[in-house]
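Undergrad: Here it is, the structure, as C-alpha cells.
The values are calculated or read from the model by the stated rules, or taken from the named source; none is laboratory data. The shown structure was predicted, so the numbers you read here are calculated from the model rather than taken from an experiment. Cβ: placed from backbone, ideal geometry, glycine included. Neighbour counts: every protein chain shown.
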There are 2 protein chains.
Amino acid sequence: MLSFTEENYLKALLRLTIEKGNKDGAGTNELAEHLNLKPATANDMLKKLKEKKLVDYEKYGKSTLTKDGKRLAIDVVRKHRLWETFLFEKLAFEWDEVHEVAEQLEHIQSRKLVDKLDEFLGYPGFDPHGDVIPNARGEMLARLTKTLHEEEVGHECIMVGVKDNSAAFLQYVNQVGLKINDHIRVLSKQPYDDLLEIEANGKKSNVSPRFSENIVITCPDCERKKSKIKTA
Amino acid sequence: MLSFTEENYLKALLRLTIEKGNKDGAGTNELAEHLNLKPATANDMLKKLKEKKLVDYEKYGKSTLTKDGKRLAIDVVRKHRLWETFLFEKLAFEWDEVHEVAEQLEHIQSRKLVDKLDEFLGYPGFDPHGDVIPNARGEMLARLTKTLHEEEVGHECIMVGVKDNSAAFLQYVNQVGLKINDHIRVLSKQPYDDLLEIEANGKKSNVSPRFSENIVITCPDCERKKSKIKTA
DNA sequence: AAATAATGTTAGGCGAATCTAACAAATATT
DNA sequence: AATATTTGTTAGATTCGCCTAACATTATTT
C-alpha cells in the first residue's frame with residue numbers, strides 16, 4: 001500500500017516523462033520543483049521508490065517509472081480524472097474548481113469504488129479539461145490534437161482541452177466565453193503578431209498567441225489515434 | 001486544518017460520549033482501545049487536542065469535546081454518513097461495504113463538496129445503516145423509535161437497540177440471529193397470543209411479545225423528531 | 001582547459017504519530 | 001487500611017516526510 005506522498009511522486013514522474021515527452025526521464029531538481037519540495041527530499045524518495053522497484057533511479061541520473069510504477073501512476077491519474085468528471089457532471093462544480101478536490105479524492109483506496117464510479121459516469125473517455133481518462137486496464141487512448149494556435153484560418157475545430165490548468169487561465173477562458181466541446185472557427189490571423197480572431201458560440205473574440213497556444217483542439221475529421229500509450 | 005488522525009480522535013470521542021451516552025467523558029485507555037492504539041499514544045494526542053482547545057482533558061480525568069471539537073467531530077460524521085449514502089444509493093455498494101470506504105472519504109476537505117453531495121443525494125436524513133446524518137449546521141435530528149412489538153405487519157424496520165440489557169436477553173437475541181442495524185420485516189402476527197413471525201437476514205423466526213417488546217426499532221418512513229441534539 | 005553555473009547528494013535535524021517499558025495514581029478487593 | 005488491579009502518564013525510540021547546510025558531480029561558458 002502506497003502513501004499519498006508516494007502516489008504523488010509517481011504521478012509527478014508520469015507527468016514529467018510520458019506526458020511531457022521528456023523521454024529520458026526526470027531530474028531530481030525538476031521533480032522536486034514540480035512537487036514544491038526541496039531536491040534533498042525528492043532524492044530521499046527516489047531512493048525509497050527504487051527500493052520498492054517502482055522507479056529506475058541511478059545516482060546523478062534521470063529517473064523513470066518502472067512498469068509497476070507506471071501502472072500505479074496511471075491508476076492515480078485515472079482516479080483523479082474520474083473524480084473531476086464526477087464533480088463537474090454530477091455535482092455541478094465549476095471547471096476550475098474540480099482539480100483541487102480531485103487531488104484529494106485520487107488517493108482513496110478502493111478498486112471497487114473506482115470501477116463503480118466509472119460505470120456511474122458512463123465510462124467517460126475524457127475529463128472536464130479534455131484530458132484522456134485511462135481505462136480500467138491502464139490504457140490511455142490518445143486523441144489527435146493540436147493547439148488552437150496551429151489551426152488554419154477558415155477552419156472550424158472543437159475545443160477539447162487546455163494545456164494550462166491553472167485557475168487563472170481557466171477563469172480567463174471562461175471570461176472569453178469558451179468551454180470544452182465548443183466549436184471554434186478561426187476567422188483570421190494577423191501575420192505580424194499572430195493575434196487570432198475567432199468565433200465561438202456566435203461570439204467573436206481576439207486572442208493572443210499566448211492564449212491560443214494553451215487551447216487544445218481537435219477537428220471533426222480528425223481520426224482518433226489507435227495507438228495506445230502502452231502501460232508496459 | 002486538522003490531520004486525518006486528529007479528526008479520527010475527535011470522531012472517537014464523539015462516539016464515546018454523546019453517542020454512547022457516556023456523559024462524563026471518555027477515559028484514555030477506552031479511547032485508545034476504540035482507535036486500536038496504545039494508551040500512551042492517545043495520551044499524547046489528548047494533550048495536543050487540549051492545546052488546540054478541541055478537547056477538555058485533565059490529567060487522570062475523563063476527556064470530553066469542547067464546543068469547537070464537537071462541531072468538527074460532527075462534520076466528520078456528517079461526511080462519513082453522506083458518503084455511505086452515496087456509495088449505497090448511487091454506486092450500488094452493499095450495505096456492509098460502505099463503511100470502510102467512507103472511513104477514507106470522510107476526511108476529504110471541501111465544504112463545497114459536502115454541500116453539493118448532500119444536495120445531490122436529496123438531503124438524506126439517515127445513512128444506509130439507519131444512523132442520523134447531521135445537517136449542514138451540525139444538528140442531529142433524533143429519530144423516532146418504537147418497539148418491534150408495535151410495528152405493523154408487512155412493514156420493514158431497522159433494529160436500533162434493545163430495552164433489556166441482561167446477558168440472558170442479549171444471548172437470546174444473538175441466538176435468534178438479530179443484531180443492531182438489522183433490517184427486520186414483520187411477516188405476520190398471531191391475533192391470539194401476539195406471536196410475531198419476522199424475517200431478518202433472509203432468515204425467518206417466531207418471537208414472543210416478551211421478546212419483541214424489548215427490541216427497539218425505527219422505520220424509514222417514521223416521522224422525524226424535531227428535537228435536536230444540541231451541538232453546543 | 002579552467003572557471004562558473006547548474007544539478008544532485010549526503011548528513012544531520014525536526015515534528016507528527018506511533019510504539020515499548022517503566023512508573024504513578026486511582027479504584028477495587030480482601 | 002493494606003494490597004492488588006486497573007487506569008493513566010512519562011520517557012525514550014522509531015519511521016515518515018520534510019527541512020537546511022555543506023559538499024560532490026556534471027554541464028556550460030569563457
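Undergrad: Out of the residues in segment A:55-91 that are touching a helix residue (DSSP H, G or I) at 6+ places or on another chain (Cβ under 7 Å) and without any contact (Cβ under 8 Å) to a residue 12 or more places away in the chain, which is surrounded by the fewest Cβ atoms within 10 Å (Cβ to Cβ)?
TA: Here the answer is A:L91.
Undergrad: Okay, next question. Does segment B:117-132 contain any residue that is under 17 Å from the mean Cα position of the chain (by Cα) and acidic (D, E)? Full working, then the answer.
TA: Filtering segment B:117-132 down to residues under 17 Å from the mean Cα position of the chain (by Cα) leaves B:124-132.
Checking which are acidic (D, E) leaves us with B:127, B:131.
Yes, that holds for at least one residue.
Undergrad: Kindly check whether there is at least one residue in segment B:107-126 that is under 23 Å from B:I215 (Cα atoms) and not aromatic (F, W, Y). Spell out how you get there, then give the answer.
TA: Just the residues of segment B:107-126 that are under 23 Å from B:I215 (Cα atoms), to begin with: B:125-126.
Restricting the remaining residues to those that are not aromatic (F, W, Y) gives B:125.
Yes.
Undergrad: Considering (1) among the acidic types (D, E); (2) touching a strand residue (DSSP E or B) at 6+ places or on another chain (Cβ under 7 Å); (3) surrounded by fewer than 19 Cβ atoms within 10 Å (Cβ to Cβ), say which one B:E151 fails and leave the rest.
TA: Only one criterion is unmet by B:E151, namely (3).
Undergrad: Determine whether segment B:51-71 contains at least one residue that is within 8 Å of DNA strand C (Cβ to nearest atom) and either closer than 24 Å to A:S3 by Cα or β-branched (V, I, T) (or both).
TA: At the first step, the residues of segment B:51-71 found to be within 8 Å of DNA strand C (Cβ to nearest atom) are B:59-60.
The next check asks that each one be either closer than 24 Å to A:S3 by Cα or β-branched (V, I, T) (or both); those that pass are none.
No, every residue in segment B:51-71 fails to be within 8 Å of DNA strand C (Cβ to nearest atom) and either closer than 24 Å to A:S3 by Cα or β-branched (V, I, T) (or both).
Undergrad: Whether any residue in segment A:18-32 is under 21 Å from the mean Cα position of the chain (by Cα), within 16 Å of DNA strand C (Cβ to nearest atom), assigned to a helix (DSSP H, G or I) and touching a residue at least 12 places away in the same chain (Cβ under 8 Å) is what I want to check. If you could, list the steps in order and put the result at the bottom.
TA: In the first step, residues of segment A:18-32 are kept if they are under 21 Å from the mean Cα position of the chain (by Cα); the result is A:18-27, A:30-32.
Remaining after also requiring within 16 Å of DNA strand C (Cβ to nearest atom): A:20, A:22-27, A:30-32.
Of the ones still in play, those that are also assigned to a helix (DSSP H, G or I) are A:30-32.
If we keep only those that are touching a residue at least 12 places away in the same chain (Cβ under 8 Å) too, we end up with A:30-31.
There is at least one residue in segment A:18-32 that is under 21 Å from the mean Cα position of the chain (by Cα), within 16 Å of DNA strand C (Cβ to nearest atom), assigned to a helix (DSSP H, G or I) and touching a residue at least 12 places away in the same chain (Cβ under 8 Å).
Residue by residue, here is whether (1) away from every other protein chain (no Cβ under 14 Å); (2) under 30 Å from A:Q175 (Cβ atoms); (3) within 16 Å of DNA strand D (Cβ to nearest atom) holds:
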residue	(1), (2), (3)
A:N36	yes, yes, yes
A:K48	yes, no, yes
A:G69	yes, no, yes
A:L72	yes, no, yes
A:H80	no, yes, no
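Undergrad: Answer yes or no as to whether A:E103 is more than 16 Å from DNA strand D (Cβ to nearest atom) and within 30 Å of B:E84 (Cβ to Cβ). Show your work before the answer.
TA: On the way: more than 16 Å from DNA strand D (Cβ to nearest atom): no; within 30 Å of B:E84 (Cβ to Cβ): yes.
Judged against the criteria, A:E103 is not a match.
Undergrad: Six or more apart or on different chains, Cβ atoms under 7 Å: show the pairs whose first residue is in segment B:116-141 and within 14 Å of chain A (Cβ to nearest Cβ) and whose second is outside any loop (DSSP other than H, G, I, E, B).
TA: B:L117/B:L82; B:L117/B:F86; B:D118/B:L82; B:L121/B:L82; B:L121/B:T85; B:L121/B:F86; B:L121/B:E89
Undergrad: Say we look at segment A:4-14 and pick out the residues that are more than 23 Å from A:G130 (Cα to Cα) and either within 14 Å of chain B (Cβ to nearest Cβ) or part of a loop (DSSP other than H, G, I, E, B) (or both); which of these is farthest from DNA strand C (Cβ to nearest atom)?
TA: My answer is A:F4.
Undergrad: Check whether at least one residue in segment A:35-46 is modelled with pLDDT under 95 and either surrounded by 16 or more Cβ atoms within 10 Å (Cβ to Cβ) or not polar (S, T, N, Q) (or both), and report yes or no.
TA: Start the filter on segment A:35-46 by keeping residues that are modelled with pLDDT under 95, which leaves none.
Checked against the condition, which is being modelled with pLDDT under 95 and either surrounded by 16 or more Cβ atoms within 10 Å (Cβ to Cβ) or not polar (S, T, N, Q) (or both), segment A:35-46 yields no hits at all.
Undergrad: Still on this structure: State yes or no: is B:T17 more than 16 Å from DNA strand D (Cβ to nearest atom), more than 27 Å from A:S3 (Cα to Cα) and away from chain A (no Cβ under 14 Å)?
TA: On the way: more than 16 Å from DNA strand D (Cβ to nearest atom): no; more than 27 Å from A:S3 (Cα to Cα): yes; away from chain A (no Cβ under 14 Å): yes.
No, not satisfied.
Undergrad: Picking from B:V98, B:V76, which residue would you name as being over 30 Å from B:P209 (Cβ atoms), within 13 Å of chain A (Cβ to nearest Cβ) and within 15 Å of the chain's Cα centre (by Cα)? Can you show your working first?
TA: Numbers: B:V76 fails: within 13 Å of chain A (Cβ to nearest Cβ).
Selected residue: B:V98, the only one of B:V98, B:V76 that is over 30 Å from B:P209 (Cβ atoms), within 13 Å of chain A (Cβ to nearest Cβ) and within 15 Å of the chain's Cα centre (by Cα).
Undergrad: With respect to B:T5, determine if the residue is surrounded by fewer than 17 Cβ atoms within 10 Å (Cβ to Cβ), within 16 Å of DNA strand D (Cβ to nearest atom) and over 21 Å from the mean Cα position of the chain (by Cα). Give the steps one after another, and end with the answer.
TA: On the way: surrounded by fewer than 17 Cβ atoms within 10 Å (Cβ to Cβ): yes; within 16 Å of DNA strand D (Cβ to nearest atom): yes; over 21 Å from the mean Cα position of the chain (by Cα): no.
For B:T5, the condition - surrounded by fewer than 17 Cβ atoms within 10 Å (Cβ to Cβ), within 16 Å of DNA strand D (Cβ to nearest atom) and over 21 Å from the mean Cα position of the chain (by Cα) - is not met.
Undergrad: Something else now. Please note which helices (runs of 4 or more DSSP H) are completely contained in segment B:35-144 and include at least 3 residues that are closer than 18 Å to B:R15 by Cα and of a type outside the set (D, E, K, R).
TA: Numbers: elements: B:39-51, B:67-89, B:98-105, B:111-120.
Qualifying helices (runs of 4 or more DSSP H): B:39-51, B:67-89, B:98-105.
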